[in-house]
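The values are calculated or read from the model by the stated rules, or taken from the named source; none is laboratory data. All of these numbers come straight from a predicted model, not from anything done at the bench. Quick reminder, even Gly has a Cβ in these numbers, built from the backbone with ideal geometry, and neighbours come from all protein chains shown. The area values use the complete protein model at the heavy-atom level, side chains included, leaving out ligands, DNA and RNA. Shrake-Rupley method; radii C 1.70, N 1.55, O 1.52, S 1.80 Å.
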Amino acid sequence: MKNNQYLIIGLTIFLVMFYFFLRFYKIQTSLLFFNDIGRDFLVLYDWEKSLKPPLLGPQTSALPFNQSAAYFYFLMPFYLLTNHSLFATLYANAFFYTVLFLLGVYFLRKKPILQTSLLITFFLLTIHPQQITQSRFVWNPSFVSGFILVSFYFWQILKKNFNNLYLICFTLSLAFAISFNYSAVPTLVAFMLYAIFIFKKKVLKIYLFTFLNLILVNSPTIFFELRHQFLLTKMLLYQEKIKQQGLDLFTKLTNLQNFTFPHFSPLLFVCFCLLIILFIYLSFKKFQNKERNIYLQDSLVLTLLTFFITMIAPIGVQNHYIFGILPLLFLVISFLEIRSSLFISLVLASVFLQPANLKDYFQPATRTAEEIVSCSEMFCSQEKEPMFVSGQSGLRDFLHNAMEFKYLFKESGCTIKDLDTQITEAQKMVVVADNATYEHNKTSFNELTQFGKSEEIKIYTCKGGIKLHILQRVQN
């Protein structure tokens with residue numbers, strides 16, 4: 001027993017260190033502070049200055065509706081404690097996963113199969129390419145996998161000891177997963193459907209607690225809706241939605257495979273799937289560990305239900321939509337007979353951790369955090385008049401809101417006005433050409449149209465391929 005304890009402690013320490021290595025190695029030069037990260041920091045900055053907590057979380061791309069503001073409430077302490085560090089959200093994400101992992105290892109110490117499952121699952125999440133990417137560029141989907149894992153382990157505990165505390169932990173974790181990113185809805189539905197067969201008469205209580213926790217986590221949104229005559233609901237019902245792409249079954253299957261098992265050739269993927277099916281069969285028929293097989297059955301059923309619901313949902317599959325199914329799939333692997341589980345983990349590690357793949361995470365960003373901070377400080381030391389901000393981005397050419405520079409300029413002392421609500425409060429606009437070319441009176445996008453006729457009066461050049469074009473509004 002002592003030897004096992006030392007082994008668990010050693011593995012836990014190694015996994016935490018390996019997790020931090022893959023998340024923070026060369027992060028000073030590789031962080032791309034861009035778009036959604038800038039959006040989050042802008043919300044946190046405005047909250048700190050106004051002392052008014054946001055009622056709405058991040059906007060969604062698929063529907064005209066917002067996620068829960070609970071996402072920002074979680075990030076705010078890290079933003080303050082790190083003194084506005086551009087890495088604050090990365091620290092929040094790392095804290096979230098490592099604390100959940102360490103608590104899980106401790107509280108599952110008397111359930112060796114579940115504890116071993118957690119060690120294997122955490123290792124697979126540690127090395128998965130999308131999980132690494134989401135931990136080095138943190139936004140609201142980055143936290144979903146952790147909440148799904150917590151839900152599953154409390155589900156197992158709840159089956160043996162159905163009490164209100166465990167029920168709250170199970171349903172609250174699911175509520176947070178969905179409220180941070182709606183891509184986890186298929187997983188919620190899978191849990192609710194499977195609960196009918198597992199908990200039978202108790203399922204109504206599970207539904208009630210799930211409903212109440214969803215209301216709790218989304219209470220800021222509900223308050224916003226009541227205050228603004230259900231504005232978001234009306235937009236959801238009547239506003240034109242963004243047309244979804246790739247809804248056919250083949251495209252969704254292909255995307256799910258590419259995002260879930262990147263770097264796998266088609267032949268390797270087929271062989272890998274057949275191998276997992278064989279190991280599942282052997283676990284059920286040959287090894288017949290009753291307790292392990294119950295866990296395997298639950299994770300397998302939830303994975304398949306989530307998969308089928310994802311396939312029939314009228315939403316395309318994107319790379320950040322996989323975090324509802326990914327941890328369930330890793331749980332399936334973790335509950336295979338231990339030698340099979342370790343072999344599959346070794347195969348995944350040999351593919352995901354190839355030097356060429358690791359190099360992508362650590363390579364320098366197009367412009368580093370230090371370069372954009374230095375550029376913003378230089379600019380705001382010279383420009384004191386109120387101004388609007390827009391952008392021409394070579395990173396994503398359809399983005400012109402320059403959210404990251406709005407935040408950095410505010411943080412550096414510039415007086416930044418909102419183009420939609422304060423159109424008369426500034427006569428200048430800075431157009432941030434971020435690794436892109438801006439040509440006055442030739443380049444066009446909506447923010448320039450809103451600003452109106454103007455003349456270019458000055459250009460600042462910064463490191464990292466950034467140029468700041470100052471426009472002065474021309475009075476008619």
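Look through the stretch 326-354, keep the residues that are open to solvent by 20 Å² or more (accessible area, probe 1.4 Å) and hydrophobic (A, V, I, L, M, F, W, C), and return whichever of them is farthest from Phe154 (Cα to Cα). Ranking the candidates gives Leu353 first. Screening Phe78 with (1) more than 29 Å from Arg367 (Cα to Cα); (2) more than 15 Å from the chain's Cα centre (by Cα) gives one miss only, at (1). Within the stretch 241-274, if we keep just the residues that are touching a residue at least 12 places away in the same chain (Cβ under 8 Å), open to solvent by less than 50 Å² (accessible area, probe 1.4 Å) and assigned to a helix (DSSP H, G or I), the residue that is nearest to Leu353 (Cα to Cα) turns out to be Thr260. Listed by position, the helices (runs of 4 or more DSSP H) enclosed by the stretch 1-66 that each have at least 1 residues that are acidic (Asp, Glu) and without any contact (Cβ under 8 Å) to a residue 60 or more places away in the chain are 36-50.
For the stretch 334-343, does any single residue satisfy the condition of being of a type in the set (Lys, Arg) and touching a residue at least 60 places away in the same chain (Cβ under 8 Å)? Taking every residue of the stretch 334-343 in turn, none turns out to be of a type in the set (Lys, Arg) and touching a residue at least 60 places away in the same chain (Cβ under 8 Å). Taking Lys458 as the residue in question, decide whether it is of a type in the set (Lys, Arg), over 30 Å from Asn83 (Cα atoms) and over 26 Å from the mean Cα position of the chain (by Cα). Criteria met by Lys458. Within the stretch 23-35, the set of residues being surrounded by 19 or more Cβ atoms within 10 Å (Cβ to Cβ) and over 17 Å from Glu371 (Cβ atoms) comprises Arg23 only.
Being under 26 Å from Ala190 (Cα atoms), hydrophobic (A, V, I, L, M, F, W, C) and open to solvent by less than 20 Å² (accessible area, probe 1.4 Å) is the requirement here; does Ile113 meet it? Spelling it out, it is not the case that Ile113 is under 26 Å from Ala190 (Cα atoms), hydrophobic (A, V, I, L, M, F, W, C) and open to solvent by less than 20 Å² (accessible area, probe 1.4 Å).
Against the test of being within 13 Å of the chain's Cα centre (by Cα), under 25 Å from Val332 (Cα atoms), modelled with pLDDT of 95 or more and assigned to a helix (DSSP H, G or I), the options Ile168, Ile120, Ile132 yield a single qualifying residue, Ile132. Scanning the stretch 434-476 for residues that are out of contact with any strand residue (DSSP E or B) (no Cβ under 9 Å at 6 or more places or on another chain) and hydroxyl-bearing (Ser, Thr, Tyr), we see that the one that is surrounded by the fewest Cβ atoms within 10 Å (Cβ to Cβ) is Thr449. Regarding the stretch 141-160, can at least one residue be identified that is open to solvent by less than 20 Å² (accessible area, probe 1.4 Å) and not in a helix (DSSP H, G or I)? The answer is no; no qualifying residue exists. For the subset of the stretch 378-413 comprising residues that are touching a residue at least 40 places away in the same chain (Cβ under 8 Å) and of a type in the set (Asp, Glu), which member is surrounded by the fewest Cβ atoms within 10 Å (Cβ to Cβ)? Going through the qualifying residues, I end up with Glu385.
Residues checked against (1) more than 23 Å from Gly464 (Cα to Cα); (2) more than 30 Å from the chain's Cα centre (by Cα):
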{"residue": "Glu385", "(1), (2)": "yes, yes"}
{"residue": "Val389", "(1), (2)": "no, no"}
{"residue": "Asn401", "(1), (2)": "no, no"}
{"residue": "Phe405", "(1), (2)": "no, no"}
{"residue": "Ser412", "(1), (2)": "no, no"}
{"residue": "Thr421", "(1), (2)": "yes, no"}
{"residue": "Ala433", "(1), (2)": "no, no"}
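Any residue at all in the stretch 360-372 that's over 27 Å from Val150 (Cβ atoms), touching a helix residue (DSSP H, G or I) at 6+ places or on another chain (Cβ under 9 Å) and free of Cβ contacts under 8 Å to residues at least 12 places away in the same chain? There is at least one residue in the stretch 360-372 that is over 27 Å from Val150 (Cβ atoms), touching a helix residue (DSSP H, G or I) at 6+ places or on another chain (Cβ under 9 Å) and free of Cβ contacts under 8 Å to residues at least 12 places away in the same chain.
Just the residues that are farther than 28 Å from Phe176 by Cα, under 23 Å from the mean Cα position of the chain (by Cα) and among the small types (Gly, Ala, Ser), please, taken from the stretch 314-360. Scanning the stretch 314-360 gives a single hit, Ala349. Restricting Thr126, Thr187 to residues that are within 30 Å of Thr29 (Cα to Cα), at pLDDT 95 or above, out of contact with any strand residue (DSSP E or B) (no Cβ under 8 Å at 6 or more places or on another chain) and open to solvent by less than 10 Å² (accessible area, probe 1.4 Å) narrows the list to Thr126. Just one of the listed residues (Leu165, Leu172) is surrounded by fewer than 17 Cβ atoms within 10 Å (Cβ to Cβ) and of a type in the set (A, V, I, L, M, F, W, C), and it is Leu165. Does Leu232 count as under 22 Å from Leu188 (Cβ atoms) and under 23 Å from the mean Cα position of the chain (by Cα)? Criteria met by Leu232. Every listed requirement among (1) farther than 21 Å from Asn140 by Cα; (2) touching a His at 6+ places or on another chain (Cβ under 9 Å) is met by Asn181 save one, (1).
For the stretch 356-377, a residue qualifies if it is farther than 15 Å from Leu31 by Cα, hydrophobic (A, V, I, L, M, F, W, C) and surrounded by 15 or more Cβ atoms within 10 Å (Cβ to Cβ), and exactly one does: Cys375. Among the residues of the stretch 129-140, the one identified as aliphatic (A, V, I, L, M) and either surrounded by fewer than 23 Cβ atoms within 10 Å (Cβ to Cβ) or more than 30 Å from Ala88 (Cα to Cα) (or both) is Ile132.
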